[in-house]
Structure formats: C-alpha cells, structure tokens
Amino acid sequence: MTVINMRDPGRFEEVLPQAVELLRSPEGFGFYVGKGKDGWVYHMVDPTDLLSNEFEGLDVKIWVPGFTRRRSEIEIHRHVFASRPTHFRVPELVHADTSSGAFVMEHIRGMTAYRALFHGRRLISESLYDSVLTAFRELNVMGVHHGDAHLLNWMLEDIETIQTPRGTVITDADVVIIDFGRSSFSHGEDVAQVREDIEFKVVLGL
Ligand SMILES: Nc1ncnc2c1ncn2[C@@H]1O[C@H](COP(=O)(O)OP(=O)(O)OP(=O)(O)O)[C@@H](O)[C@H]1O
Ligand SMILES: [Mg+2]
C-alpha cells in the first residue's frame, strides 16, 4: 500500500489543476459542498480515480474567474489557523494554488449557521450567541476583520439541542469561522478598535 503524506505539496501540485478542471465540469456536481459569491466548494478528488478515498476529509475551494483577492484570502486564512484560536475553529488550510485558482482545506463536518437555524427551524441560546460574538471578537484580537460574517460564513459542529415550549433551541456547539475572501488585516495601533481588541485579550484569557 502506498502511504501518501497528505501535506505533500508535490501530490497536490500534480492533481489539483486536473481536479479543478473536472470539478468545474458537470461531473463536479457529484462532489458539490457549497457555493457563494466568490467561489464553489467541492470534496477534493483524485481526477484519475474518482472512487479513491485518498483525499477524504478535504475540500477544495475554486474561485470564480476574475476574483482577484485570492492571495489575501490565503494569507489571512493561514494567519488565523497559525494563531491557534481557542474560542472557534477554522479549517486547516492544506494547499493553495493561485494559478489554478483553488485551495485545499479541511472539510468541516458540521453545518452552516443558516442551515442549522433556518432549515432546522431552530433557535439559538443566549450563551451560544455570546460564544459566536466572542469567536468574532477573538478574530479581531488576531488583527483580522472578517468582512463578510453572514450566516453561511460560520458553521456549527457538535450541536446540542433542547426542546422548549418555543421550539428546539441549540444550546451548545463548536463555532467554526470560514471564508476569509473578504477579510482584511487591521494594522496600526492608533486605530481605537485595535487598541480595544488588544485590551480584550485579557477578557478572553488569551
Ligand atoms: N471547509 C469547509 N467545510 C465544509 N463546508 C464548507 C467549507 N468551506 C466552505 N464550505 C461551504 O461552501 C460554502 C461556500 O464557501 P465560501 O463561503 O468559502 O464561498 P464564498 O464564495 O467566498 O462565499 P461568500 O458568498 O460568503 O463570499 C459555505 O457557505 C459552506 O456552505
Ligand atoms: Mg462564504
């Protein structure tokens, strides 16, 4: 059996251009995960062997042609992962190839907040709502403004619910922040918000 190092950049360089071509074709629909303004996300595949499970647990985001802020999305996503957030998770970024217009990342097994709340017709507890705010505040403390924090750009994993007279309430879950395509670094300590974020580190226990 050949054991492939999942972080082997050579292997991704070899398969990614052809995988992108295949996923952009009608065959790609079988691997569809989600889409947004700037790209489409699919389960990562070996284009020469679609039944292979070599890339299980990984997704590939393919930017729409013309989306030009690719490098900053990669740079910011890497920075957030490397900062080891404690109040949220972020998919591990495995490989980026800006010439193919795509990057490979960990697949998040949870669901978007949109799906968890609206499709599931569920409410969210105040404490989980606070956890979501804390997660985005921690991101600010890392010097990053998400820039596009809508309900399809944060996800919930390991959801716990209770039944109440008002309906099903999500009481607890792990928050995962995704999609740094419209994010920016907030440099400069003279910006009042940045100073407050630095002070907030103490509150977060970072
Ligand atoms: N790592 C992941 N694991 C599981 N699902 C994901 C992952 N990344 C993205 N998705 C799904 O794919 C969708 C589109 O991805 P993403 O938000 O990165 O695209 P986008 O085009 O930048 O979106 P936007 O419209 O917010 O700009 C997400 O809303 C989510 O449903
Ligand atoms: Mg998005």
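The values are calculated or read from the model by the stated rules, or taken from the named source; none is laboratory data. Please read these numbers as outputs of a predicted model, since none were measured by experiment. Here the Cβ is made from the backbone with ideal geometry for all residues, glycine too, and neighbour counts use every protein chain on show.
Please name all residue pairs, on different chains or six or more residues apart, with Cβ atoms under 6 Å, provided the first residue is in the stretch 21-42 and is in contact (Cβ under 8 Å) with a residue 24 or more places away in the chain and the second residue is part of a loop (DSSP other than H, G, I, E, B) and more than 16 Å from ligand 2 (Cβ to nearest atom).
Between residues of the stretch 21-42 that are in contact (Cβ under 8 Å) with a residue 24 or more places away in the chain and residues that are part of a loop (DSSP other than H, G, I, E, B) and more than 16 Å from ligand 2 (Cβ to nearest atom), the close pairs are Leu22/Pro47.
Among the residues of the stretch 32-55, is any among the hydroxyl-bearing types (Ser, Thr, Tyr), surrounded by fewer than 17 Cβ atoms within 10 Å (Cβ to Cβ) and assigned to a strand (DSSP E or B)?
Yes: the stretch 32-55 contains one or more residues that are among the hydroxyl-bearing types (Ser, Thr, Tyr), surrounded by fewer than 17 Cβ atoms within 10 Å (Cβ to Cβ) and assigned to a strand (DSSP E or B).
Looking at Ala82, Ala116 in this structure, which one is closer than 26 Å to Leu139 by Cβ and assigned by TED's automatic domain parsing to the domain that holds Asn140?
Every option except Ala116 fails the conditions.
Take the stretch 30-53 and flag every residue that is under 29 Å from Trp154 (Cβ atoms), away from ligand 2 (no atom under 13 Å from the Cβ) and in contact with a helix residue (DSSP H, G or I) (Cβ under 9 Å, 6 or more places away or on another chain).
If the condition is that a residue be under 29 Å from Trp154 (Cβ atoms), away from ligand 2 (no atom under 13 Å from the Cβ) and in contact with a helix residue (DSSP H, G or I) (Cβ under 9 Å, 6 or more places away or on another chain), then Phe31, Tyr32, Tyr42, His43, Met44, Val45 are the ones that fit.
In the stretch 29-49, what count of residues is obtained for those that are more than 20 Å from Thr98 (Cβ to Cβ) and among the charged types (D, E, K, R)?
Residues flagged as more than 20 Å from Thr98 (Cβ to Cβ) and among the charged types (D, E, K, R) within the stretch 29-49 amount to 2.
Of the numbered conditions (1) exposed (fewer than 14 other Cβ atoms within 10 Å of the Cβ); (2) free of Cβ contacts under 8 Å to residues at least 60 places away in the same chain, Glu13 satisfies every one except a single condition; which is it?
Every listed condition holds for Glu13 apart from (2).
Could you please find all residues in the stretch 113-131 being surrounded by 17 or more Cβ atoms within 10 Å (Cβ to Cβ), within 16 Å of ligand 2 (Cβ to nearest atom) and within 29 Å of Phe185 (Cβ to Cβ)?
Ala113
Which pairs do you get when a residue that is closer than 23 Å to His187 by Cα, found in the stretch 145-158, comes within reach of a residue that is within 10 Å of ligand 1 (Cβ to nearest atom) and among the basic types (Lys, Arg), reach meaning Cβ atoms under 8 angstrom, with the pair 6+ apart or on two chains?
His146/Arg182; Gly147/Arg182; Asp148/Arg182
Only one of these conditions is not met by Phe67: (1) assigned to a loop (DSSP other than H, G, I, E, B); (2) more than 13 Å from ligand 2 (Cβ to nearest atom). Which number is it?
Exception for Phe67: condition (2).
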